[in-house]
Ligand SMILES: Cc1cc2nc3c(=O)[nH]c(=O)nc-3n(C[C@H](O)[C@H](O)[C@H](O)COP(=O)(O)OP(=O)(O)OC[C@H]3O[C@@H](n4cnc5c(N)ncnc54)[C@H](O)[C@@H]3O)c2cc1C
């Protein structure tokens, strides 16, 4: 009997997992369950949930490989498709940034190709759109996947289950504070022509500001300059982004690919440090980062007196100059610099070092002690997230256009967003702070929430869940919100690729070791409480 594999959620992570699974020489039976009608785009790249103007901050050259590179696929699309997204065929570029909905169409097309390839290789692949999985119940002869499809319930048994349910936007806390969710983006159009507060000032906040501004007026490019003109009913339309630091993200910086490793802080070195003990691990890694920054960018190191900095004091020194300047003045200057360096194909050494360092830290955050992980989150993480969450130049131009038109401000706010109140300054406030980390006990699969815990495994088994009761096969959780505490940078498409491939490798190793057995649908266990 073929190993039966269920993938719950049909987003990019599922796509990468499927691609890795079909490399198996043994025939597999794979089913993908997706609550919406289309499998492939996931949440950030799906029509309806997102606005056509929302840009991806990953270029084709940086994307993990699927059947065909994104830019090559774009060149094959017809004029109707390209013109919908304002893409000029002869300007399609591996290093350019495109609307996320265009990526969604690409993922859907790639899925179809991977499925066709998988079937040609002898795998059974079943796609189950419009199917919301409501629970996963481990059993000693496989796990039951329980689902609802068009008002009808059902269950099927699988030897291996991959929970790839992705983003979770329901935020009761935020809703209780009267804040609106940015999703689906189609709802944002109803906020046109009003005074809007946005909590957050990074990627999602820019998405929200641009979508509402586009519904209240028009962005145009005249003589290479982006301007925003009010629509007929724009009236008092305005946007205020509110964040603790009052900063705007930086414009994407130029990096050559493939990356070169850092001189000292390499993945190998970080893993060695991890093996030599948890005590002082964060400080040892930080010392390596300081050495590399000092060696690669002495001017930067001198400017922030890097040698005297600690995990606790580095971020403040790193951001000090930017925090002292008006965010739009900084944005204009930073954009001009990024455009110039892009033309010259020149790297800013400190930016490059921090980008590379975040990938190294990413490998070892799971090895940090609880105290060091808390220090990392509190003091150091912001330097890395600010660096990798830089945005396409077009996004910065749009923000500057809105500001120049007198419609956009950034405010630094203290305290919790619940205290912002509503009505005094704004007609509505949108919470655009991005995905919050969640506990496994909060997952919308009741048996998993109640009985699963993270197992202390490593390597390809690191996303496997443990259960008190005996079970056959594996259940892995690679849904981003539940990983963010331990893996704070697990967010982008590169991570989706890593997650999908790692989980697939775990399944293939297990399937090779233990042949699948016929089974009955198991019932949820009663009275077990082990949630992680
Ligand atoms: C707004 C936004 C913009 C982003 N932009 C970028 C970017 O520009 N570049 C980049 O590299 N990364 C970006 N990311 C990061 C993003 O995490 C990944 O690109 C990717 O979406 C992760 O894929 P996923 O499949 O894990 O999750 P998702 O994309 O969230 O997909 C999960 C899928 O599971 C389905 N699902 C959920 N629950 C169930 C259920 N119970 N039953 C059945 N189906 C279910 C959902 O409908 C969805 O289709 C962005 C993220 C967000 C939120």
Expressed as a whole percent, how much of the Cα-Cα distance distribution for the chain exceeds 43 Å? 19
For region 274-341 and region 10-32, distance of Cα centres in Å: 40
Based only on Cα atoms, what mean projected area does the convex hull of region 267-388 have, in nm²? 7.8
For a quick protection proxy, order the peptides 249-256, 341-348 by their average other-Cβ count within 10 Å, most packed first. 249-256, 341-348
Sorted by mean Cβ packing within 10 Å, highest first, what order do the peptides 4-10, 59-65, 72-78, 36-42 take? 4-10, 36-42, 59-65, 72-78
Can you compute the radius of gyration and Dmax for region 127-233, using only the Cα atoms, both in Å? 21.3, 68
Within 10 Å, count the other beta carbons around each residue, average over each peptide in 303-314, 163-174, and list them highest first. 163-174, 303-314
Label residue 320 and residue 469 with points 7 Å out from Cα along Cα→Cβ: what is the distance between them in nm? 5.9
Sites residue 126 and residue 93 - FRET efficiency at Förster radius 35 Å, r taken between beta-carbons, to 0.05: 0.40
So what's the angle, to the nearest 10 degrees on a 0 to 90 scale, between helix 203-216 and the longest Cα principal axis of the chain? 70
Roughly what would the spin-label model give for residue 223 and residue 366, points 7 Å off Cα along C-beta, in nm? 5.5
Going by C-beta contacts inside 10 Å, put 442, 34 in order with the fewest on the left. 442, 34
Got a sec? Which residues in region 1-33 would a label at residue 152 touch, if it sits 7 Å along Cα→Cβ and we count backbone N under 18 Å? 32-33
Quick check: the angle from helix 100-120's long axis to the longest principal axis of the chain, C-alpha only, nearest 10 degrees? 20
Taking Cα atoms, the helix 393-404 axis meets the longest principal axis of the chain at an angle in degrees (rounded to 10) of 50
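Just so you know, all these numbers are worked out from the coordinates, no wet-lab data involved. All values derive from a computational prediction rather than experimental measurement. When we count neighbours, we look across all protein chains shown, and the Cβ atoms used for this are built from the backbone with ideal geometry, even at glycine.
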